[in-house]
Amino acid sequence: MNVEKLDDKEDSKNDEETNRLLSESHESDEYEEKILIAEAEESDGEDLAVPPFSWKKLWMFTGPGFLMSIAFLDPGNLEGDLQAGAIAGYSLLWLLLWATIMGLMIQLLSARVGVATGRHLAELCREEYPGWAGYVLWVMAELALIGADIQEVIGSAIAIQILSNGYLPIWAGVLITASDCFIFLFLENYGVRKLEALFAVLIATMGVSFAWMFGETKPSGKDLLMGILVPRLSSKTIRQAVGVVGCVIMPHNVFLHSALVQSRKIDSNKKGRVQEALNYYSIESSVALSISFMINLFVTTVFAKGFYGSKQANSIGLINAGQYLEEKYGGGVFPILYIWEGGLECSGIGNDDQWVSAD
């Protein structure tokens, strides 16, 4: 009996060692170089304690949320925003706000899964579901990636055509947009922080572009607040309302965010460190999606101000939005057409490369 117990204990130790080695192998395969989060010396009795807040650590954890948040700003979202504004005016701003909040809750759950388990959602699905279900999920995910990525590529190609004053056709814009994916993949070899910085520049460019448009067109502040605070929905705006929700809730982001949070190296054996990481990721994701909400808000209100109730409202889209804006507000020192197309180009490039990361 004693021999059997010793054998069981030995087998248990071997299993634990095997699981540890597999976990370490998984981590090294997922990210060649994780960002090490500096930790102060602590005793074994403080494993459950959450370290005090640190701005330096918040900066070290900043990045995955912004990589995730650019999906809330893809060309499909921008088209949904401009059509919601042109057709429904300011009346769907409350829905945009609550859809973004709902999206934030889902993303926080995704980050929690990634940090707590050390695995992203796709790996967990493979482990928990039978083989045939895993293959079905994989095929569905690939089809969704292809279908959704089309709008990013076409949106970016439209922006390139207009920025080149029609010199480059749509097909050339598609090739340029597709080729920049390899540049982003190459950049990733130099560290995830550089990739995160590039995405931050793209988001900042969109923010400046659409904020400038917002200031130039001067939407009604009163109508804007009423649209955010007072829920309104009519039978004529159901289609736009569905579009607003569908644009903000991005299923692929759930998979992506659970993997992005693993780019930071934390001691998962210490509950205090895990909770600390979750706290910082929650702050970072909230800030990132707040910025995304403001950019979507700018686009919606600009088109609500300029085209709500007009004859162009039902025909406006990505391909002609810039021309309509120029006809409405003129050229000026910085033509609004090129400001719009510059923001659209950043949206298309950023989201096209984010889909590559998700794939």
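Of note:
- Residues 154, 349, arranged from fewest to most other Cβ atoms within 10 angstrom of their Cβ, appear as 154, 349.
- For the pair residue 139 and residue 182, a Förster radius of 30 Å applied to the C-beta separation gives a FRET efficiency near 0.75, rounded to the nearest 0.05.
- Put in order of Cβ neighbour count within 10 Å, fewest first, the listed residues 120, 257, 252 become 252, 120, 257.
- Region 62-358, relative contact order [Cα under 8 Å, separation at least 6], %: 49
- Kirkwood hydrodynamic radius of region 54-117, Cα pairs, Å: 13.9
- ³J(HN,Hα) computed for each position of region 315-320 - Karplus, 6.51 cos²θ - 1.76 cosθ + 1.60, integer Hz, glycine/proline x: 10, 7, x, 4, 6, 10
- Region 245-283 residues near the modelled residue 125 label - backbone nitrogen below 11 Å, point 7 Å along Cα→Cβ: 251-256
- Cα-based equivalent ellipsoid of region 62-358: semi-axis lengths in Å, sorted from largest, via gyration tensor: 33, 22, 18
- Residue 58-residue 249 pseudo-label distance in nm [points 7 Å out on the Cα-to-Cβ vector]: 3.1
- For 126, 119, the sequence from fewest to most other C-beta atoms within 10 Å is 126, 119.
- In Hz, Karplus ³J(HN,Hα) per residue of region 232-241 (6.51, -1.76, 1.60; θ = phi - 60°; x = Gly, Pro): 9, 8, 10, 5, 6, 10, 4, 4, 5, 5
- Once the chain from residue 98 to residue 235 is taken as fully extended at 0.36 nm per residue, the excess over their C-alpha distance is 47.4 nm.
- Part-to-part distance (alpha-carbon centres) for region 267-328 and region 79-153, which is given in Å: 15
- Extent of region 97-218 along its three principal axes (Cα atoms, max minus min coordinate, largest first): 53, 35, 32 Å.
- Simple spin-label estimate for residue 287 and residue 208 gives 1.9 nm between the two label positions (7 Å along the Cα-to-Cβ direction from each Cα).
- The coefficient of translational diffusion for region 223-359, derived via Stokes-Einstein from the alpha carbon Kirkwood radius under 20 °C and 1.002 mPa s, stands at 116 µm²/s.
- Region 140-204: Rg to Rh, with Rh as the Kirkwood radius over Cα pairs: 1.04
- HN-Hα J in Hz across region 91-105 - Karplus 6.51, -1.76, 1.60, θ = phi - 60°, x for Gly and Pro: 6, 9, 5, 5, 5, 4, 4, 6, 5, 5, 4, 5, x, 4, 4
- 5 angstrom amide H check on residue 264, placed H, neighbours 5+ away: 35
Quick note: the coordinates plus some simple rules give every number you see, no bench work behind them. Predicted, not measured: the structure shown is a model, and the values here were computed from it. Quick reminder, even Gly has a Cβ in these numbers, built from the backbone with ideal geometry, and neighbours come from all protein chains shown.
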